[in-house]
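Please treat every number below as a calculation from the coordinates, not as lab data. Remember, predicted model here, so these are calculated numbers, not experimental data. Here the Cβ is made from the backbone with ideal geometry for all residues, glycine too, and neighbour counts use every protein chain on show.
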Amino acid sequence: VRAELSSGPLSGRRIVVTSGPTHEPIDPVRYIANRSSGAQGTAIARALAALGAEVVFVTGPADVPPPEGVEVVQVQTARQMLEAVEAALPADAAVFAAAVADWRVSSESGSKIKKQPGGVLPVMEFAENPDILAGVSQMKEGRPGLVVGFAAETDDVLAHATAKRARKGCDWIVANDVSPATGIMGGTENAVVLISDAGAEEWPRMGKDEVARRLATKISGALAG
Ligand code: CTP
Ligand code: CA
C-alpha cells in the first residue's frame, strides 16, 4: 500500500539499507560485536523513504528504533544479514551502513562457558564472516545499479577508504574518521567524505539526519541520471 501511495523522486525505487551492529554469539550469554548505535543507517532509511523509496531495512540489534514506513527485517548475525539482503534483492540501490562483525567464533557453545580455576583462559577459534557489501558489489547478475558502502576509519581516512572502495567494488564509499578525538562514535553528528568515480567530496560536519538527507538526495540524482 505504501509503495502505491508514496510520491517523490524515489517513488517506484526499491532500496535495501543495512544498519546497526551484528551480534555473533560465543555462548548463550556472550557475543562479539562492533560499536554501532544504528543512528546513521536509520536516518538514511528514513530519508530515502521520505523521498518516496520502497525501503527494505535490514538491521542488527541497534540502540535506536527503526524508522516508520519501511519494511524492517531484524537479524542478529552477519550470516543472517547476508541472507536477508539476498532475499530483499533485486533492488535499484543498496546502502550498507551496518557495522558487521568481521569474525565469529567457529563453533558457538550451546552452554555457558565457565571460568576455570587458576586463571586458565578459554581458547577461541574464529571464522571470517561473509562480506555482504563485497558480495553484492561483485554480483554478475542482478547487481543493484548503485551500491554504497561505508568506511569508518582512523589515521589516513581517505587512503583507507579509497583502497576499500576498489577492493569491494562498490560505487560510492561514505568515509568517516572515527578516531576518539573526533567524538563521532556514538554522537549525533558526522563528518564524512563521499568517494566516487568523481573523486572525494568532503562534507562539513553536520547532524546524522542531515548527512542522511544529503545522501538520499545524491542517490535520487544518481538513479534519475
Ligand atoms: N561490510 C559488509 N560485510 C562485512 C563487513 C563489512 O557488508 N562482513 C560492509 C560495511 O557495512 C561497510 C563496508 O563493508 O559498508 C566497510 O566495512 P569495514 O568494516 O570498514 O570494511 P572491512 O572490509 O571489514 O575492513 P576493515 O578491516 O577496515 O574492518
Ligand atoms: Ca570490518
statement: Here the qualifying pairs (Cβ atoms under 6 Å; residues six or more apart or on different chains; first in the range 114-138 and within 15 Å of GLY149 (Cα to Cα); second surrounded by 10 or more Cβ atoms within 10 Å (Cβ to Cβ) and among the charged types (D, E, K, R)) come out as LEU133/LYS168; ALA134/LYS168; SER137/LYS168
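Taking the range 74-87 only, how many residues are among the small types (Gly, Ala, Ser) and either more than 15 Å from ligand 1 (Cβ to nearest atom) or surrounded by 21 or more Cβ atoms within 10 Å (Cβ to Cβ) (or both)?
Filtering the range 74-87 for residues among the small types (Gly, Ala, Ser) gives 78, 84, 87.
Applying the additional criterion that residues be either more than 15 Å from ligand 1 (Cβ to nearest atom) or surrounded by 21 or more Cβ atoms within 10 Å (Cβ to Cβ) (or both) yields 78, 87.
The total comes to 2.
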- prompt: Hey, PRO25 hits all of (1) more than 13 Å from ligand 1 (Cβ to nearest atom); (2) surrounded by 19 or more Cβ atoms within 10 Å (Cβ to Cβ); (3) in a strand (DSSP E or B) but one; which does it fall short on?
  reply: (2)
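So that you can scan it fast, the table gives a plain yes or no per residue for (1) touching a Pro at 6+ places or on another chain (Cβ under 7 Å); (2) closer than 24 Å to SER107 by Cβ; (3) not in a loop (DSSP other than H, G, I, E, B):
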residue	(1), (2), (3)
ILE15	no, no, yes
THR18	no, no, yes
PHE57	yes, no, yes
GLN76	yes, yes, no
message: Looking only at the range 186-204, count every residue that is of a type in the set (Gly, Ala, Ser), surrounded by 12 or more Cβ atoms within 10 Å (Cβ to Cβ) and closer than 15 Å to TRP172 by Cβ and tell me the total.
response: 2
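Can you pull out the helices (runs of 4 or more DSSP H) entirely within the range 129-225 that have at least 1 residues that are under 20 Å from ASP102 (Cβ atoms)? Quick ask: steps written out before the conclusion?
Working: elements: 132-137, 157-168, 208-224.
Qualifying helices (runs of 4 or more DSSP H): 132-137, 157-168.
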